[in-house]
Amino acid sequence: MNYELIILGGGESGVGSAILAKAKGVEVFLSDSGTLKDEHRQTLIDYGIDFEEGGHSEERILSASEVIKSPGIPDSAPLMQKIITKGIRVISEIEFAGRYTNARMICITGSNGKTTTASLIYHILKSAGLNVGLGGNIGKSFARQVAEESFDYFVLELSSFQLEGVYDFKADIAVLMNITPDHLDRYDHDMQKYVDAKMRIIRNHKMGDSFIYWMDDPVVTKEIEKLKPASDLYSFTEKNNHRATAYSEDNKMYIQTKGSVFDMELELLALQGMHNLYNSMASGIVAKLLDISDDNLRLALSDFKGVPHRLEKVASVRGVQYINDSKATNVNSCWYALQSMRTKVVLILGGTDKGNDYTEIESLVRQKVRALIFLGKDNSKLHKFFDGMVPDIEDVNSMRDAVDTAYRMAEKGDTVLLSPCCASFDLFQNYEDRGDQFKDCVRRL
């Protein structure tokens with residue numbers, strides 16, 4: 001049978017795409033090589049969507065007119081190579097869902113900070129009374145929301161994997177927080193391939209669209225010079241240089257847009273630390289471009305609750321603070337976490353290495369870290385780089401052992417920081433599972 005649309009992967013995005021296809025009268029078949037979650041299987045059954053799990057029917061799949069693939073499936077997978085060889089168009093959920101909505105798109109990407117920034121922008125807009133949805137790499141499937149709800153605005157967190165499958169989709173407001181090495185194992189250890197994927201966020205930009213970026217990121221500024229986007233450019237930076245849209249000066253954050261200036265005391269921001277100042281600046285620029293009032297913006301920036309697993313304070317036990325930063329799946333995220341620490345640190349690192357270069361955090365480790373705990377199936381790369389850098393290093397293979405070891409190593413006034421630098425898939429289901437186990441173990445101390 002010649003299926004018009006094949007969906008590879010039965011996770012949140014795949015099931016959401018199938019629901020949207022069904023709603024729009026598109027003939028659809030979903031295929032997953034693994035076992036579907038019970039809730040996803042039941043959803044497909046309830047909606048009368050044809051699917052398979054535990055393997056792929058290649059002949060059926062290779063007859064597709066178009067394929068939507070899960071962001072986690074690399075093009076190097078054997079089935080993907082056959083699909084590409086046949087010239088079948090491969091798109092992302094974002095591309096597909098974008099065809100069926102006229103909502104204004106606010107899209108955020110970056111190696112670090114995109115989840116917090118997307119969540120903060122959503123909080124600001126929703127608090128101001130806008131009819132807004134949150135999706136992409138966070139929350140409910142974008143496609144499913146397009147199928148079942150009606151929003152005037154969407155805030156979408158977009159990963160490089162999702163952006164790979166974007167062709168005609170356009171972000172009306174694009175936010176690029178930064179680009180540092182990440183997922184290089186996916187990109188043949190070629191940084192430019194990763195950069196190219198990130199820069200697809202301004203694909204199809206034209207005059208009147210908005211592009212918000214960190215002006216101190218040399219990779220981003222180089223790409224802007226090369227690509228010369230037609231969109232209106234808005235930048236943020238730490239200190240006033242008379243060129244940036246947003247900056248800080250005299251313990252205040254300033255945002256200059258549309259002939260007006262918004263200011264707010266840094267100590268009143270809900271999110272503290274330099275990386276969070278950038279998140280607040282980028283979010284504030286979006287808010288002012290959408291004409292959110294100063295009072296509404298100030299209130300939302302002050303009462304935002306933050307994102308789970310990102311510098312999340314768990315508990316203080318016998319004078320030691322425990323912080324869950326499980327979302328730090330790359331080296332630059334860990335750098336931001338260490339940079340914000342004001343005490344000596346017992347640092348828990350490890351997991352699935354993605355081609356990491358730990359040089360970026362070396363000076364902070366030497367300066368702030370009392371002890372290192374390596375939590376992973378294979379810690380050889382960590383030992384090769386960090387051995388001899390701090391007095392105490394121990395290996396563990398469970399979160400329970402990691403927390404117990406940290407409890408023994410830490411001194412009063414220290415911080416125990418889970419900021420792994422690595423993906424979680426060697427010992428955990430995902431970074432949320434890793435963070436949840438950390439919090440559970442800490443609370444049992």
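The residues of region 290-445 present an accessible area of 44 Å² per residue when probed at 1.4 Å with all protein chains retained. Dimensions of region 159-243 based on its C-alpha atoms, expressed as ranges along the principal axes with the largest first, amount to 39, 29, 19 Å. When each of the peptides 14-24, 76-86 is scored by how many other beta carbons lie within 10 Å of its residues on average, the order from highest to lowest is 14-24, 76-86. Answer rounded, prolate or oblate for region 168-207, using the Cα gyration tensor with square roots of eigenvalues a ≥ b ≥ c: rounded when a/c is under 1.5, else prolate when a/b is larger than b/c, else oblate. Here region 168-207 falls in the prolate category. Assuming charge only on the beta carbon of Lys and Arg (+1) and of Asp and Glu (-1), the dipole of the chain about its Cα centre is about 620 debye to the nearest 20.
Overall, region 340-437 carries a charge dipole of about 340 debye about its Cα centre when +1 sits on the Cβ of Lys and Arg and -1 on the Cβ of Asp and Glu, all other atoms neutral. With contacts taken as Cα pairs under 8 Å at a separation of at least 6 residues, region 333-419 carries a relative contact order of 41 percent. Taking only the Cα atoms of region 392-445, the ratio Rg/Rh comes out at 0.95, with Rh defined as the Kirkwood radius.
In region 216-314, what trypsin sites (Lys or Arg not before Pro) fall in a loop by DSSP, with at most 15 other Cβ atoms inside 10 Å? Taking region 216-314 and a limit of 15 other Cβ atoms within 10 Å, the loop trypsin sites (Lys or Arg not before Pro) found are Arg243, Lys258, Lys305.
In order along region 116-122, phi translates into HN-Hα couplings of 4, 5, 4, 5, 5, 4, 4 Hz, rounded to whole numbers, per the Karplus curve 6.51 cos²θ - 1.76 cosθ + 1.60 with θ = phi - 60° and x for Gly and Pro. Annotation: Thr180 carries an accessible surface of approximately 20 Å², with a 1.4 Å probe and no ligand, DNA or RNA atoms counted. Where a Cα-Cα gap under 14 Å defines reach, which aspartates and glutamates qualify for Lys198, not counting those fewer than 8 residues away within the same chain? By straight Cα distance, Lys198 reaches Glu157, Glu164, Asp182, Asp190, Asp217, Glu223. Please work out whether the chain counts as rounded, prolate or oblate from its C-alpha gyration tensor, where a ≥ b ≥ c are the square roots of the eigenvalues and a/c under 1.5 means rounded, while otherwise a/b larger than b/c means prolate and anything else oblate? Verdict is oblate for the chain.
The orientation-averaged shadow of the Cα convex hull for region 19-69, equal to a quarter of the hull surface, comes to 3.6 nm².
May I ask you to list the aspartates and glutamates whose Cα is less than 18 Å away from that of Lys439, ignoring any residue fewer than eight positions away on the same chain? In chain and number order, the partners are Glu312, Asp325, Asp401, Asp404, Asp414.
Listed cross-link partners Lys22/Lys86; Lys114/Lys288; Lys140/Lys344; Lys140/Lys368; Lys24/Lys354 are compared with a 30 Å cut-off, the Cα-Cα value being larger for Lys140/Lys344; Lys140/Lys368; Lys24/Lys354. Name the residue farthest towards the positive end of the dipole of the chain from the options Leu62, Gly25, Asn324, assuming +1 on Cβ of Lys and Arg, -1 on Cβ of Asp and Glu, about the Cα centre. Of the listed residues, the answer is Asn324.
With contacts taken as Cα pairs under 8 Å and at least 6 residues apart, the chain reaches a relative contact order of 12 percent.
Pull out a ≥ b ≥ c, the square roots of the eigenvalues of the alpha-carbon gyration tensor of region 299-345, then state rounded if a/c is under 1.5, prolate if not and a/b is larger than b/c, and oblate in the remaining case. Note, shape of region 299-345 comes out oblate.
The values are calculated or read from the model by the stated rules, or taken from the named source; none is laboratory data. Predicted model only: the values in this text are computed from it and were never measured. Methodologically, a virtual Cβ is constructed for each residue, glycine included, from the backbone with ideal geometry; neighbour enumeration extends over all protein chains shown. Side chains included, ligands, DNA and RNA excluded: accessible areas come from the protein's heavy atoms. Shrake-Rupley method; radii C 1.70, N 1.55, O 1.52, S 1.80 Å.
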